[in-house]
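Each value in this text was obtained by applying a stated rule to the coordinates, not by laboratory testing. What you see is a predicted model; the values in this text were computed from it and never measured. Glycine gets a Cβ as well: all are built from the backbone with ideal geometry, and neighbour counts include every protein chain shown.
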Amino acid sequence: MTVKVFVVDDSAVVRQALAHMLAGNPEVELIGSAPNPLLAMDAIRKNPPDVLLLDIEMPGMDGLTFLRQTMATNPIPTVICSTLSTEGSKVALEALAAGAVAILAKPKLGLKQHLEDSRREMIQTLKTAARSKPRIRTTLAGMPAVAKTVHTPASQISAVHALAMNKPVVIGSSTGGTQALETVLTSLPADAPGIAITQHMPERFTAMYASRLDGICAMKIREAKDGDRLERGVVLIAPGGLHMQLRKSHGQYYVHVADGPPVNRHKPSVDVLFKSAAECAGRDVLGIIMTGMGDDGARGMKMLHDGGARCIAQNEETCVVFGMPKEAIKLQAVDDILPLESIARAILQFDSRA
């Protein structure tokens, strides 16, 4: 299948460079471009693309506003390509929260050469985005969509949590994961079990992403540092560009964060986290694999499952990309396949087991 791409960027140089980069590729077809969202609307309505390649800073209407409007009415898989993403900006994270599938950095200098050098990554990202299933995301007063917090009554959780053992939860996700994780984490109470997360994300993004979640969740959420303890009420997110492993010492869980070669083309890798959890936690850990492209995490989940851990995969209907969960299911490494909205409850039910 040829992926139909529409570019919205106010720079004529960028539009020309992208047209040259995509020309002659049988897998990707540039069906049109526009210098701003206002001019793009009619063209997209007449000839809907498979993927939007969208800049952020543009005259008339900025890309973020356009993205929110599109995702609230007629979602189109969207890849952000902007200089704002180079430093892991707040705007780039807002774009992910609004429903963008991926962020690609666009340098201010050496633009043409950069686009040529990143041709392979760009085409793979566009192909991945085309397979995604963005969900309608509503906004309030122009702010990014935020999942509604579901509060579990204290009467239902206090007795359980007082007696619960220290049983960690490990979660792996990729494309679509930033929004999916928000849905899960905003639905958990402040004393939920400790959670270690590997979300495929570039350097500099994870600290800001963790800070954003920390502001809207009851649990304490932060980018992990080597040696951080995984305690009740705490969520540790693997830093972009580093691997994170779960370790155990004297009955306490903590994380080991270190550099290393990419695993399954990713750093951090979900497999690295899951395999370490299988080795140190055995049946006392809950493994969850969520929306994402590729197979990272599938073999690690198989190790978790074979070691007696309970393993959950997000279902196809609620995944933006049903790649990673599908591969884990193929390996018979999954006990339950659940919709996104049921995962938080499954975490609390696991926590209540004797």
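Once the convex hull of all Cα atoms in the chain is built, its volume per residue stands at 127 Å³. Looking at the square roots a ≥ b ≥ c of the eigenvalues of the Cα gyration tensor of the range 154-351, which shape do they give, rounded for a/c under 1.5, prolate if a/b is larger than b/c, or oblate? Note, shape of the range 154-351 comes out rounded. Listed by chain and number, the aspartates and glutamates placed with their C-alpha closer than 17 angstrom to that of K326 are D271, D295, D296, E316, E317, D335, D336; residues fewer than eight positions away on the same chain are left out. Using just its DSSP H runs of length 4 or more, each adding -39500 (n - 2.57), the chain gives a mean residue ellipticity at 222 nm of -10500 deg cm²/dmol after division by all residues. Between the range 263-294 and the range 38-58, how many Å separate their Cα centres? Centre-to-centre distance over Cα atoms comes out at 37 Å.
With the cut-off at 1.5 for a/c, could you classify the range 236-322 from its C-alpha gyration tensor as rounded, prolate or oblate? Cα axes put the range 236-322 in the oblate bin.
Comparing G300, G172, G308 in a Gaussian network model of the chain, where Cα atoms under 10 Å apart are tied by springs, the biggest mean-square fluctuation is seen for G308. Within the shell defined by Cβ-Cβ distances under 14 Å, the residues around H256 carry a net charge of +1, with Lys and Arg each +1 and Asp and Glu each -1.
The length gained by stretching the chain between R283 and A258 to full extension, at 0.36 nm per residue less their Cα-Cα distance, is 6.5 nm. The dipole here belongs to the range 154-351: it is taken about the Cα centre, uses +1 on the Cβ of Lys and Arg and -1 on the Cβ of Asp and Glu, and is about 320 debye. About its Cα centre, the dipole of the chain is roughly 300 debye, where the only charges are +1 on Lys and Arg Cβ and -1 on Asp and Glu Cβ. Among the trypsin sites (Lys or Arg not before Pro) in the range 241-284, those located in a DSSP loop and surrounded by at most 13 other Cβ atoms within 10 Å of their own Cβ are R265. Let a ≥ b ≥ c be the square roots of the eigenvalues of the Cα gyration tensor of the range 3-131; is it rounded (a/c under 1.5), or, if not, prolate (a/b larger than b/c) or oblate? Taking the square roots of the gyration eigenvalues as a ≥ b ≥ c, the range 3-131 is rounded. Pairwise inverse Cα distances across the range 175-242, averaged and inverted, put the Kirkwood hydrodynamic radius at 11.8 Å.
In the elastic network of the chain, a GNM with C-alpha springs shorter than 10 Å, the most mobile of L185, L18, L273 is L18.
Remark: for residue pairs K302/K330; K167/K275; K167/K248; K133/K275, the C-alpha separation exceeds 18 Å in K133/K275. In the elastic network of the chain, a GNM with C-alpha springs shorter than 10 Å, the most mobile of S187, S174, S249 is S249.
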